[in-house]
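Reading through the structure tokens given below for one structure.
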Protein chains: 4
Amino acid sequence: MNTPIILVNFKIYDEIYGIKGLELARVCQKVSEKTGINIAIAPQVIDLRYIAEKISIPVFSQHVHNMKPGNGTGKITLEGIKASNAVGTLINHSENRVIISDIESIVKKSKELDLISVVCTNNISVSKAIAMFNPTFIAVEPPELIGGNVSVTDADPDIVKNTVKEIQAISPEVKVLCGAGIKNGNDVRKAIELGAEGVLLASGVTKAKNPSQVLEDLASGAM
Amino acid sequence: MNTPIILVNFKIYDEIYGIKGLELARVCQKVSEKTGINIAIAPQVIDLRYIAEKISIPVFSQHVHNMKPGNGTGKITLEGIKASNAVGTLINHSENRVIISDIESIVKKSKELDLISVVCTNNISVSKAIAMFNPTFIAVEPPELIGGNVSVTDADPDIVKNTVKEIQAISPEVKVLCGAGIKNGNDVRKAIELGAEGVLLASGVTKAKNPSQVLEDLASGAM
Amino acid sequence: MNTPIILVNFKIYDEIYGIKGLELARVCQKVSEKTGINIAIAPQVIDLRYIAEKISIPVFSQHVHNMKPGNGTGKITLEGIKASNAVGTLINHSENRVIISDIESIVKKSKELDLISVVCTNNISVSKAIAMFNPTFIAVEPPELIGGNVSVTDADPDIVKNTVKEIQAISPEVKVLCGAGIKNGNDVRKAIELGAEGVLLASGVTKAKNPSQVLEDLASGAM
Amino acid sequence: MNTPIILVNFKIYDEIYGIKGLELARVCQKVSEKTGINIAIAPQVIDLRYIAEKISIPVFSQHVHNMKPGNGTGKITLEGIKASNAVGTLINHSENRVIISDIESIVKKSKELDLISVVCTNNISVSKAIAMFNPTFIAVEPPELIGGNVSVTDADPDIVKNTVKEIQAISPEVKVLCGAGIKNGNDVRKAIELGAEGVLLASGVTKAKNPSQVLEDLASGAM
């Protein structure tokens, strides 16, 4: 997957229910095509295949369970994600934490299935632990800044810089994203200057009055 | 929703990943149209909208969280289900149990959103408690019989009969489904004779060599 | 168990760690002996046997799991509670909710072991459902009032009155407690006037500067 | 804490309910005094303070939650453990897994409170991740061998040897325990030869006909 990347988490905002989720996905795709910057999306889980089969930019699941195909009503498997034309999954998002043995197992199986793993973490120490599993991406998001108005790149640039440094020392192929409070191109530019290979954001795009304009601004920070 | 109903839970079997889930949904629809018997489906959650927008028989979510639209990465809301052209949701399946205050809240909100609520229960006593919430359906499934080869209607006909009787006394508008080990038309016939208004089944259809044939047989029991 | 009862939940406040938990238990015992009013306590779980073997007033566990003796590191069984000289357990406290099939199983097994079951609920509808299981007590606590300064008996007297009325109609032997914001004898008096057989409270006693004085005042409301 | 150590997890076996838990704790203490080998225990959580105040060998909690003192009915805090005369806690036992950000936070706070942290892991990869948090001990237990009759030291000696080697490379001060199927002095001897500083076991002692004899045999392997 090319970087830098702007990964847009649709969460379960009412702005993305029904046809609106697909429409936002299309806006992301258009801006990606126009700007040449890699934009990926994580729609609500019940839209996963609906959107993934219609969209050419990378689509991620918001969550996955450490389960094999079989019994598991309401659960999500990596095999199911793979079969849905999605390219990977968020793992351990702050709103959906996972036990460590499951993270290890999911990341390992993602590699086998050629899926991209994006493991969310809350600080440098947890990021270092996760680096041991060699996921494709680690997305560090200080919980106290999530959903706030100040970007992590302004509020706590050191967490980004040091996460990158520490992870490089452990597992150089793991790429770092940062998240929390990301709103504009300037935040993306700083994230990249600090060593991140992209950003993970949600409300900044999903709840924007003009998502297309916001996405173009974000992309401008990645050029 | 017309009854009797045959509700097919696709679970997360590998037989229903990708295009195969849609194909099975279409088989269910064809048999429903051919036989005139109401067949409904609960596809894996990541296929929900993908299948619901293409299929005219009733589609249910396999699970829902007691959450409002907003933050909740990887979660499922009733509002999201509604916007996906699904008609309702399973709640408290034995593979995905829910705390009681969430069941109450979800059933209540389902009514407000005009969604069908199917609450799964494990015995008569829990069924009676759930009846207090007036869901559309209660689906009683003795856990020891789930996934087995003997139908609940043979192994424990009294649980079906008495669940129906007790629930009628508490809340006559609540309809009872039964599940666990349902495999053929004979099982459906007995379920209806025992007072149930349908069945909830999974592997019997999903893992069948010829799902169409099995579904026709099941439907024959409901005629 | 004689009623009215004042049931003091020690929660995990630092005011009750180590020897302080036992000291508060002794204060509760003294006030109970002095006033003749039934006062019971639920110490932090790691103090359960330590306090239960030294105290003659009824001691409850704050939580229990639906597990048999065996494997279950860190879990709590009814058999373990019974063997600890405790008389019963809180179940489904708002800070530790339990799935409905576990509540049913725990209440049933409590009866077999001659333990007192106190199931916490959040509203009238859930209280009615729980009444189907015939626990010893249902303790209704509106979540929005928990930890607040206004007693449920002032803020929402109807929830107490109607919970009592509805539960009487379903299962007359089930006794109702009420909780949330209970602070003084006046609140206890109103609770009893509304039909409750006692109160469940925590910070009002545990965090009081003079717990003995508060307990005497509470007891005065129950005379 | 001196090593080698034999850490006995009482789990929630009915062999350790009530006075029997204290009696087994006393047997452990006697064998420790007689043999000079460090034996520690993790009683069921509701016995924690009851046993810890009467016993001079190290007592561990079986579980802890990542919570501050305050609201949290039925939960266990590090502060509560500390105040109970216990010396530390098991974390992330296979029967009670914990999300990774909680493990990190609990290990960190354990250090601040001068408590011993024993983090359980299921394989080498997870052990390496946990080593990043610098707990006092990592106890590696292959899940497929837990509760079995073959000792991990026979069934999979490499997991012990390599866990030790990998953890030494990451964080040399972290000590390794191994568990699963440990039954006798020979198993302990092999564990130590493989580089472990002790063993974590449960049924081998707790369900033994003559725990004293088994403990003496285990201790002989550590001499």
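Some notes on this structure:
- For segment A:137-154, residues that are assigned to a loop (DSSP other than H, G, I, E, B) and at pLDDT 90 or above total 4.
- The set of residues in segment C:1-37 being under 23 Å from C:Arg189 (Cα atoms), within 14 Å of chain D (Cβ to nearest Cβ) and not hydrophobic (A, V, I, L, M, F, W, C) consists of C:Asn9 alone.
- Cβ-Cβ distances below 8 Å connect the following pairs, each with a first residue in segment C:144-156 that is over 7 Å from C:Ala180 (Cα atoms) and open to solvent by less than 20 Å² (accessible area, probe 1.4 Å), a second residue that is at pLDDT 90 or above and part of a helix (DSSP H, G or I), and a separation of six or more residues or different chains: C:Thr153/C:Val160; C:Thr153/C:Asp187; C:Thr153/C:Lys190; C:Thr153/C:Ala191.
- All positions within segment A:1-15 that are under 19 Å from A:Gly88 (Cβ atoms) and of a type in the set (A, V, I, L, M, F, W, C): A:Met1, A:Ile5, A:Ile6, A:Leu7, A:Val8, A:Phe10
- Qualifying residue in segment B:74-87 (condition: on the phi > 0 side of the Ramachandran plot, at pLDDT 95 or above and of a type outside the set (A, V, I, L, M)): yes
- Which numbered condition A:Val160 fails, given (1) touching a Cys at 6+ places or on another chain (Cβ under 6 Å); (2) open to solvent by 30 Å² or more (accessible area, probe 1.4 Å): (2)
- Of the listed requirements (1) of a type outside the set (Ser, Thr, Tyr); (2) in contact (Cβ under 8 Å) with a residue 40 or more places away in the chain; (3) part of a loop (DSSP other than H, G, I, E, B); (4) in contact with a Pro (Cβ under 9 Å, 6 or more places away or on another chain), D:Val118 misses just one: (3).
- Evaluating B:Glu95 against the criteria (1) more than 7 Å from chain A (Cβ to nearest Cβ); (2) under 18 Å from A:Lys75 (Cα atoms); (3) of a type in the set (Asp, Glu) leaves one unmet condition, (1).
- Scanning segment C:38-56 for residues that are of a type in the set (S, T, N, Q) and facing another protein chain (nearest Cβ under 8 Å) gives a single hit, C:Gln44.
- Selection from segment C:166-223 of residues that are of a type in the set (Ser, Thr, Tyr) and closer than 20 Å to C:Val31 by Cβ: C:Ser203, C:Thr206, C:Ser212, C:Ser220
- Inspection of segment C:131-140 finds a residue satisfying the criterion of being more than 14 Å from chain B (Cβ to nearest Cβ), hydrophobic (A, V, I, L, M, F, W, C) and open to solvent by less than 10 Å² (accessible area, probe 1.4 Å).
- Tally, over segment B:2-29, of residues that are in contact (Cβ under 8 Å) with a residue 60 or more places away in the chain, open to solvent by 20 Å² or more (accessible area, probe 1.4 Å) and touching a helix residue (DSSP H, G or I) at 6+ places or on another chain (Cβ under 7 Å): 3
- Condition met for B:Arg49 (buried (at least 21 other Cβ atoms within 10 Å of the Cβ) and either of a type in the set (D, E, K, R) or at positive phi (or both)): yes
- Top-ranked residue of segment B:57-88 - restricted to ones that are touching a residue at least 40 places away in the same chain (Cβ under 8 Å) and under 23 Å from C:Asn123 (Cα atoms), ranked as farthest from the other protein chains (Cβ to nearest Cβ): B:Asn66
- Selection from segment A:53-85 of residues that are open to solvent by 10 Å² or more (accessible area, probe 1.4 Å) and more than 19 Å from B:Asn96 (Cα to Cα): A:Glu53, A:Lys54, A:Ile55, A:Ser56, A:Ile57, A:Pro58, A:Glu79, A:Lys82, A:Ala83, A:Asn85
- Within segment C:98-129, tally of residues that are more than 7 Å from chain B (Cβ to nearest Cβ), within 17 Å of C:Pro172 (Cβ to Cβ), open to solvent by less than 10 Å² (accessible area, probe 1.4 Å) and hydrophobic (A, V, I, L, M, F, W, C): 2
The values are calculated or read from the model by the stated rules, or taken from the named source; none is laboratory data. Since we're looking at a predicted model, the values are computed, not measured. Neighbour counts are summed over all protein chains in view; Cβ atoms, including those assigned to glycine, are modelled from backbone coordinates with ideal geometry. What goes into the accessible areas is simple: the full protein's heavy atoms, side chains included, and nothing from ligands, DNA or RNA. Shrake-Rupley method; radii C 1.70, N 1.55, O 1.52, S 1.80 Å.
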